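The values are calculated or read from the model by the stated rules, or taken from the named source; none is laboratory data. Note that the structure is predicted; figures quoted are calculated from it, not measured. Heads up, the Cβs are rebuilt from the backbone with ideal geometry, glycines too, and the neighbour counts pull from every protein chain shown. All accessible areas refer to the heavy atoms of the entire protein, side chains included, with ligands and DNA or RNA removed. Shrake-Rupley method; radii C 1.70, N 1.55, O 1.52, S 1.80 Å.
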Amino acid sequence: MRPLPELTAENTAFWTGGAEGTLMIAFCSDCAHAIHPPQLVCPTCWSEGVEFRSVPGTGTVYTYTVNHQSWMPDMPVPFALAVVELDGAPGVRVTAEVVNADPESVAIGQKMKVGFLNIDDVWFPQWEPAQ
Amino acid sequence: MTLAAAITGVGMSDIGRKTNRPAMLHLAEAARRALDCAGLSRDDIDGISTYPGKADNSPGMSPLGTGEVRGALGLKTRWHSAVPDGPSQMAPIQVAAMAVATGQARHILCFRALTESSSQTATRRASIPGAGRARLGGWYSYLVPAHAMSASNWAGWMAQRYFHEFGMTREHLGLVATGQRAFAQQNPSAVMRTPLTMEEYLGARMISSPLGLFDCDVPIDGACVVIVSAADAAKDCARSPLSIEAMGAALGSQETWDQRSDLTTMGAHDSAADMWKRTDLKPADVDVLGLYDGFSIFVPLWLEAMGFCGHGEAKDFIAEGNIGPGGRFPVNTGGGQLSGGRLHGFGLLHEVCTQLWGQAGARQVDGASVGACGMGGGFIAGSMLLRRD
Ligand SMILES: [Zn+2]
């Protein structure tokens with residue numbers, strides 16, 4: 001069974017934006033800094049004016065790995081895990097489970113787009129090649 | 001710039017896989033050996049320090065806290081501490097150094113105990129954070145639900161990016177793994193002592209690309225104790241004190257594995273740079289190194305972090321034979337964690353100290369008097385320079 005995040009004041013918008021089909025990222029409303037993982041305070045200016053905005057849900061693979069080891073019972077392998085640099089949120093990367101692609105085809109520089117997997121109250125972002 | 005603190009004794013239990021021996025018995029054995037090494041008695045110990053404290057965030061990760069160890073060993077202490085959030089597994093040694101230097105205690109027993117080999121089961125594997133929990137919090141919660149569950153995944157990201165930028169190949173990492181195995185063959189305490197060829201290394205199954213089975217360290221059961229003493233008290237011990245010449249704990253990036261702006265560097269780079277600011281010694285003065293090798297890729301990154309070569313140069317530095325047996329800068333001469341077993345950095349420091357005391361047997365580095373140790377991977381990092389006068 002997939003482990004799920006605990007929803008908190010910091011992160012609920014990130015984990016539930018998928019219900020509306022959008023990837024939500026925290027931004028500082030004072031200095032515009034993009035904040036990830038989301039926090040209640042802007043680490044740049046200490047503003048408490050943190051708000052979530054939708055971003056395009058596209059990005060570029062900064063790095064990746066293909067996991068071959070089954071870490072839990074019934075975990076299907078292999079699968080690719082990328083670190084994706086988000087469009088529209090400078091400096092922000094997300095850990096990206098890659099779906100709908102041959103794991104061995106994932107490459108640094110590849111363009112990706114987000115989709116969502118709903119489990120309970122979480123809309124879990126998953127990524128696939130943009131083309 | 002030496003701190004008024006020294007390492008005066010080290011001890012390691014008989015480590016192994018699936019020992020099914022309680023952690024406390026490993027710990028007591030390591031403590032007895034460390035006291036013998038230092039020429040101290042139980043009643044000389046007046047402080048205790050550990051990482052991370054009793055914790056069960058993954059199976060067998062840290063079965064003992066300071067309270068249980070104080071109780072079991074009958075210690076009466078003036079100072080005690082457990083540090084889960086400090087500069088790596090080295091944190092308890094760094095805070096002990098500061099404690100003795102400020103007069104809080106004279107001789108501090110620093111320990112690390114693990115039963116990761118005996119504790120893991122099919123559903124709760126070693127070093128899989130949050131396994132079996134209903135919901136996850138903190139930085140894990142952005143990685144583990146994506147099935148990025150293992151540090152091998154996170155280290156795999158770093159290795160892949162490093163390969164991409166600098167042209168490193170699996171053969172370079174294979175030199176780390178086979179070189180450390182060659183050292184392990186000269187260390188009766190190492191858990192993996194059969195020869196490892198490059199062919200076997202390359203042929204082993206992939207874990208998380210580009211890291212294969214022999215790029216990953218070995219979960220074990222065992223304990224290690226390092227005794228940190230005040231400089232004036234250290235003079236009374238059995239061996240030449242190993243002065244803590246400098247240490248570093250700096251961290252310039254977020255505490256998670258995917259956000260550092262350059263993932264071909266680690267927290268190691270911050271902590272090591274800070275360490276060198278506190279000493280007149282240079283990398284060229286170092287005789288023996290203990291560099292964290294939870295995964296083989298950490299070794300080249302630590303070499304660069306510590307300034308033994310430039311950024312992107314570690315693959316050539318390794319290929320030139322600098323770090324293996326007979327090299328100018330021998331790394332993890334006991335076999336490291338890749339072949340010796342994962343004592344979470346303490347084993348690497350134990351080996352550096354053993355070398356500086358000239359007790360390393362067949363693998364002894366002639367005349368070793370300055371040692372460098374770096375513990376941790378990713379954002380977790382502590383650096384230390386030791387000197388035998
Ligand atoms: Zn701000």
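Could you check the stretch B:248-283 and list, in sequence order, the residues that are part of a loop (DSSP other than H, G, I, E, B), more than 14 Å from every other protein chain (Cβ to nearest Cβ), surrounded by fewer than 20 Cβ atoms within 10 Å (Cβ to Cβ) and among the small types (Gly, Ala, Ser)?
The answer is B:Ala250, and nothing else.
Give me the residue from the stretch A:25-35 that is surrounded by fewer than 21 Cβ atoms within 10 Å (Cβ to Cβ) and touching a residue at least 12 places away in the same chain (Cβ under 8 Å) and, out of that set, nearest to the other protein chains (Cβ to nearest Cβ).
The first filter runs over the stretch A:25-35 and keeps only residues surrounded by fewer than 21 Cβ atoms within 10 Å (Cβ to Cβ), leaving A:29-34.
If we keep only those that are touching a residue at least 12 places away in the same chain (Cβ under 8 Å) as well, we get A:29-31, A:33-34.
Working: A:Ser29: 21, A:Asp30: 20, A:Cys31: 17, A:His33: 13, A:Ala34: 11 Å.
That would be A:Ala34.
Are any residues in the stretch B:212-229 surrounded by 24 or more Cβ atoms within 10 Å (Cβ to Cβ) and not in a loop (DSSP other than H, G, I, E, B), and if so, which ones?
Selection gives B:Phe214, B:Asp215, B:Cys216, B:Asp221, B:Gly222, B:Ala223, B:Cys224, B:Val225, B:Val226, B:Ile227, B:Val228, B:Ser229.
Can we say B:Ala113 is more than 8 Å from chain A (Cβ to nearest Cβ), hydrophobic (A, V, I, L, M, F, W, C) and touching a strand residue (DSSP E or B) at 6+ places or on another chain (Cβ under 7 Å)? Walk me through how you get there before you give the answer.
Details: more than 8 Å from chain A (Cβ to nearest Cβ): yes; hydrophobic (A, V, I, L, M, F, W, C): yes; touching a strand residue (DSSP E or B) at 6+ places or on another chain (Cβ under 7 Å): yes.
For B:Ala113, the condition - more than 8 Å from chain A (Cβ to nearest Cβ), hydrophobic (A, V, I, L, M, F, W, C) and touching a strand residue (DSSP E or B) at 6+ places or on another chain (Cβ under 7 Å) - is met.
Condition check: touching a helix residue (DSSP H, G or I) at 6+ places or on another chain (Cβ under 7 Å) and at pLDDT 95 or above. Does B:Phe329 satisfy that?
On the way: touching a helix residue (DSSP H, G or I) at 6+ places or on another chain (Cβ under 7 Å): no; at pLDDT 95 or above: yes.
So B:Phe329 fails the test.
If A:Met72 satisfies all but one of (1) within 13 Å of chain B (Cβ to nearest Cβ); (2) modelled with pLDDT of 95 or more; (3) out of contact with any Gly (no Cβ under 6 Å at 6 or more places or on another chain), what's the number of the condition it fails?
(2) is the only condition that A:Met72 fails.
Which numbered condition trips up B:Ser127, out of (1) within 14 Å of chain A (Cβ to nearest Cβ); (2) modelled with pLDDT of 95 or more; (3) closer than 29 Å to B:Leu385 by Cα?
All conditions pass for B:Ser127, except number (2).
Counting just the residues of the stretch B:366-389 that are in contact with a helix residue (DSSP H, G or I) (Cβ under 6 Å, 6 or more places away or on another chain) and open to solvent by 30 Å² or more (accessible area, probe 1.4 Å), which one comes out nearest to B:Val10 (Cα to Cα)?
So, considering only residues that are in contact with a helix residue (DSSP H, G or I) (Cβ under 6 Å, 6 or more places away or on another chain) and open to solvent by 30 Å² or more (accessible area, probe 1.4 Å), the one nearest to B:Val10 (Cα to Cα) is B:Arg388.
Look at the stretch B:312-343 and say how many of its residues are open to solvent by less than 20 Å² (accessible area, probe 1.4 Å) and in contact with a strand residue (DSSP E or B) (Cβ under 7 Å, 6 or more places away or on another chain).
The total comes to 7.
Going by the conditions given, is A:Glu10 more than 14 Å from the ligand (Cβ to nearest atom), open to solvent by 50 Å² or more (accessible area, probe 1.4 Å) and away from every other protein chain (no Cβ under 12 Å)?
Numbers: more than 14 Å from the ligand (Cβ to nearest atom): yes; open to solvent by 50 Å² or more (accessible area, probe 1.4 Å): yes; away from every other protein chain (no Cβ under 12 Å): no.
Here the answer is no, as A:Glu10 does not meet what is asked.
If you take the residues in the stretch A:17-35 that are out of contact with any strand residue (DSSP E or B) (no Cβ under 6 Å at 6 or more places or on another chain) and more than 8 Å from the ligand (Cβ to nearest atom), which one is nearest to A:Pro90 (Cα to Cα)?
So the residue we want is A:Gly21.
Between B:Gly137, B:Gly132, B:Gly167, which is within 14 Å of another protein chain (Cβ to nearest Cβ), at pLDDT 95 or above and surrounded by fewer than 21 Cβ atoms within 10 Å (Cβ to Cβ)? Break it down into steps so the answer makes sense when it comes.
On the way: B:Gly137 fails: at pLDDT 95 or above; B:Gly132 fails: at pLDDT 95 or above.
Of B:Gly137, B:Gly132, B:Gly167, the one residue that is within 14 Å of another protein chain (Cβ to nearest Cβ), at pLDDT 95 or above and surrounded by fewer than 21 Cβ atoms within 10 Å (Cβ to Cβ) is B:Gly167.
Can you tell me which of A:Val94, A:Val98 is open to solvent by less than 30 Å² (accessible area, probe 1.4 Å) and more than 9 Å from chain B (Cβ to nearest Cβ)?
Among A:Val94, A:Val98, only A:Val98 is open to solvent by less than 30 Å² (accessible area, probe 1.4 Å) and more than 9 Å from chain B (Cβ to nearest Cβ).
Check A:Arg2, A:Arg93, A:Arg53 and return the single one that is within 16 Å of the ligand (Cβ to nearest atom) and among the charged types (D, E, K, R).
On the way: A:Arg2 fails: within 16 Å of the ligand (Cβ to nearest atom); A:Arg93 fails: within 16 Å of the ligand (Cβ to nearest atom).
When all the criteria are applied, what remains is A:Arg53.
Being facing chain A (nearest Cβ under 8 Å), more than 22 Å from A:Pro78 (Cβ to Cβ) and open to solvent by less than 10 Å² (accessible area, probe 1.4 Å): is that true of B:Ser152 here?
So B:Ser152 does not fit the description; no.
Looking at the stretch B:30-54, I want the residues that are on the phi > 0 side of the Ramachandran plot and have a partner that is open to solvent by less than 30 Å² (accessible area, probe 1.4 Å) and among the polar types (S, T, N, Q) with Cβ atoms under 8 Å, at least 6 apart or on another chain. Which pairs are those?
Here the result reads B:Gly53/B:Ser62; B:Gly53/B:Thr66, each pair linking the stretch B:30-54 to a residue that is open to solvent by less than 30 Å² (accessible area, probe 1.4 Å) and among the polar types (S, T, N, Q).
Mind checking which residues of the stretch A:36-63 are in contact with a strand residue (DSSP E or B) (Cβ under 8 Å, 6 or more places away or on another chain) and among the hydrophobic types (A, V, I, L, M, F, W, C)?
Those that are in contact with a strand residue (DSSP E or B) (Cβ under 8 Å, 6 or more places away or on another chain) and among the hydrophobic types (A, V, I, L, M, F, W, C): A:Leu40, A:Val41, A:Cys42, A:Cys45, A:Val50, A:Phe52, A:Val55, A:Val61.
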